[in-house]
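Only one structure is covered here, and it is reproduced in the block below.
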Amino acid sequence: MPNRSIVISSVISGVEAVPIAVECSIGEGAPDFQIIGLRRELADEMRAIVRCAIKSTGYEWPNRNVTVALTPLDMPKRGAHLALPIAAAVLEATGQICLRDDYVVVGEMSLSGCLAYPTRGIIAVRRLVQELHREMVCPSCDSMPAGYTHRALGINSLADLRTGSFERVGCIESGEKYDADKLEAELSDGARAVYDRIVDLVGDDGWYEGFKSVLIVAPHERTTYVPEALRAAVNPISGNMVLECAAIASVAGDGDIPSLLGYHRPIRMPDPSISLPALIGGGMPVRPGEISLAHNGVLYLDDLALWKPSTLRQVDAARRDGHVRIVRADGVTGMPAAFQLVGCIAPCPCGHYGDPDRDCTCEAQQVAAWQRRIEQMSAMFDTVIHL
């Protein structure tokens, strides 16, 4: 009769962590080690890492037929963090450790069994753990918001599963708390002029409650102050949105998480040269792009004339839908993208048409063509502001 074990783990799908079961069966027959439910190249990596880590940390490798299945089998699974749950399942099936049933286990291991690498998307995994009313076992080097550390048990090595040497994981401290009065008081003179124009339009309720998309037509010298003005004009983020945005940043490996924990909305400012997967989302595995990192915040596109119209149409479609869908051969991944869109464009090619301080050097035909282009772009936006 084969010995069996089941360890609960998690994989990232889009920006969310979803649970999977890591099942291990130790049977009779020729010694072998199979992993089912992973792509062949990842399964080969996991076999080598898990076998070496178990031997290196003082455990015995079973000289029997070892089969590990990661279910659901048809769910795409990627991530070096699957090494620890696979090793834990093998060790529990062979009776070398005993884990609690309410653990969710994640962690990347070295060949020596050490866990010295942070887990991508650890905040998303921690949100899943809370929803499942479980506890998680992860590398001690992982960090998460202060209110999330109490259900996280950190270990430094695979050997710690036998000794029960758990310790607290790292804590991400909150950045400076959102303070509208302070942000306004610290505005530079140039940013204050932009800020005052915004406040005149949106009123005292704040930018984020006023518009969904805004096109700002202004000389280049003034658009440089727009990001600073936006930080003071947007409303603070609410408590539930904080952890949602922090989880997205954790999955992407990008974003200012301390600032989010201080209730500042994300303001993303991608460059026109950015690739489409980095902007919309994509890659292998699929990761969130700038529009998802701007979820519950602002996506600021400067120099709209440099952006491809096809790219702007995709950004606008995602904004209107509030999410983006990435289609791959192995499935469809959805990610949130409920952001406000702010775009800036100069009033003419030289940037000084209508500027009282500098003369425009463009020909009349150039200005007319440019103004028609602005009029076409304005169809994407709810409001147009001329500075």
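Read-outs: derived from the displayed coordinates by stated rules, not from any lab. Quick caveat: nothing in here was measured; it's all calculated off a predicted structure. Glycine also receives a Cβ, built like all others from the backbone with ideal geometry; neighbour counts cover every protein chain displayed.
Okay, here's what the table says:
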{"quantity": "In the range 331-387, residue nearest to Glu16 (Cα to Cα) [restricted to those that are among the β-branched types (Val, Ile, Thr) and part of a strand (DSSP E or B)]", "calculated": "Thr333"}
{"quantity": "Search result, residues across the range 277-293 that are within 13 Å of Ala318 (Cα to Cα), aliphatic (A, V, I, L, M) and without any contact (Cβ under 8 Å) to a residue 40 or more places away in the chain", "calculated": "Leu279"}
{"quantity": "Residue within the range 347-356 that is over 16 Å from Ala218 (Cα atoms) and not acidic (Asp, Glu) present", "calculated": "no"}
{"quantity": "Test: residue in the range 163-178 that is among the small types (Gly, Ala, Ser), buried (at least 18 other Cβ atoms within 10 Å of the Cβ) and under 20 Å from the mean Cα position of the chain (by Cα)", "calculated": "no"}
{"quantity": "Count of residues meeting criterion [in contact (Cβ under 8 Å) with a residue 40 or more places away in the chain, part of a strand (DSSP E or B) and over 24 Å from Arg265 (Cα atoms)] in the range 308-330", "calculated": "2"}
{"quantity": "Qualifying residue in the range 197-206 (condition: buried (at least 21 other Cβ atoms within 10 Å of the Cβ) and of a type outside the set (S, T, N, Q))", "calculated": "yes"}
{"quantity": "Qualifying residue in the range 236-254 (condition: part of a loop (DSSP other than H, G, I, E, B), touching a helix residue (DSSP H, G or I) at 6+ places or on another chain (Cβ under 6 Å) and surrounded by fewer than 24 Cβ atoms within 10 Å (Cβ to Cβ))", "calculated": "no"}
{"quantity": "For Glu92: the one exception among (1) closer than 18 Å to Gly14 by Cα; (2) among the acidic types (Asp, Glu); (3) surrounded by 18 or more Cβ atoms within 10 Å (Cβ to Cβ)", "calculated": "(1)"}
{"quantity": "Residue check for Gly343: more than 23 Å from Met377 (Cβ to Cβ), over 13 Å from the mean Cα position of the chain (by Cα) and surrounded by 18 or more Cβ atoms within 10 Å (Cβ to Cβ)", "calculated": "no"}
